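The values are calculated or read from the model by the stated rules, or taken from the named source; none is laboratory data. Computed from a predicted structure; not experimentally measured. No Cβ is skipped: glycine too gets one built from the backbone with ideal geometry, and neighbour counts run over all protein chains shown.
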Amino acid sequence: IADEESWIKEKKLLVGSDDYGRDLTGVQNLKKKHKRLEAELGSHEPAIQAVQEAGEKLMDVSNLGVPEIEQRLKALNQAWAELKQLAATRGQKLDESLTYQQFLAKIEEEEAWISEKQQLLSVEDYGDTMAAVQGI
């Protein structure tokens, strides 16, 4: 149980981060890391279930330490549920951050386009020949 509690505590530090990326590339990298973490959580769930089952079997065959085993299993299950909830919340916030950063990137692109067109319109050379006017 102690190993699983330690593993959960370590992962809680990762999903508890307030870093959601400062730019589009940063958010995309954080989302990739988060997907790997979610996959790791999914593949670790059988280990948590195995510890739970081992604890329950131990309580079935022996009366020794039952209150402590129950308490530790309850704490483990609570920590596991908390970790999964934190991971889901972080995933959602990363999705929101990605949408925001994509919006900012699009705005920058449009502002650059507007600026380019404003420069073209600010030119006061109207041309002195028909060919020059058509070239503008």
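Observations on the model:
- Failed criterion for THR25 (all others in (1) under 30 Å from GLU108 (Cβ atoms); (2) of a type in the set (Ser, Thr, Tyr); (3) modelled with pLDDT under 95 hold): (3)
- From VAL27, VAL61, residue being without any contact (Cβ under 8 Å) to a residue 40 or more places away in the chain and among the β-branched types (Val, Ile, Thr): VAL61
- Enumeration of residues in the stretch 1-20 that are of a type outside the set (Asp, Glu) and either at pLDDT 95 or above or part of a helix (DSSP H, G or I) (or both): ALA2, SER6, TRP7, ILE8, LYS9, LYS11, LYS12, LEU13, LEU14, VAL15, TYR20
Rundown of residues vs (1) farther than 30 Å from GLN28 by Cβ; (2) assigned to a helix (DSSP H, G or I); (3) of a type in the set (Val, Ile, Thr); (4) free of Cβ contacts under 8 Å to residues at least 12 places away in the same chain, yes/no style:
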residue	(1), (2), (3), (4)
GLN71	yes, yes, no, yes
LEU76	yes, yes, no, no
TRP80	no, yes, no, no
GLY91	no, yes, no, no
TRP113	no, yes, no, yes
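- Any hit, the stretch 93-106, residues being under 24 Å from TRP7 (Cα atoms) and not basic (Lys, Arg): yes
- In the stretch 56-106, of all residues being surrounded by fewer than 17 Cβ atoms within 10 Å (Cβ to Cβ) and among the small types (Gly, Ala, Ser), the one that is nearest to ASP23 (Cα to Cα) corresponds to ALA105.
- ILE48 vs. criteria more than 20 Å from SER17 (Cα to Cα), in contact with a helix residue (DSSP H, G or I) (Cβ under 6 Å, 6 or more places away or on another chain) and not in a loop (DSSP other than H, G, I, E, B): yes
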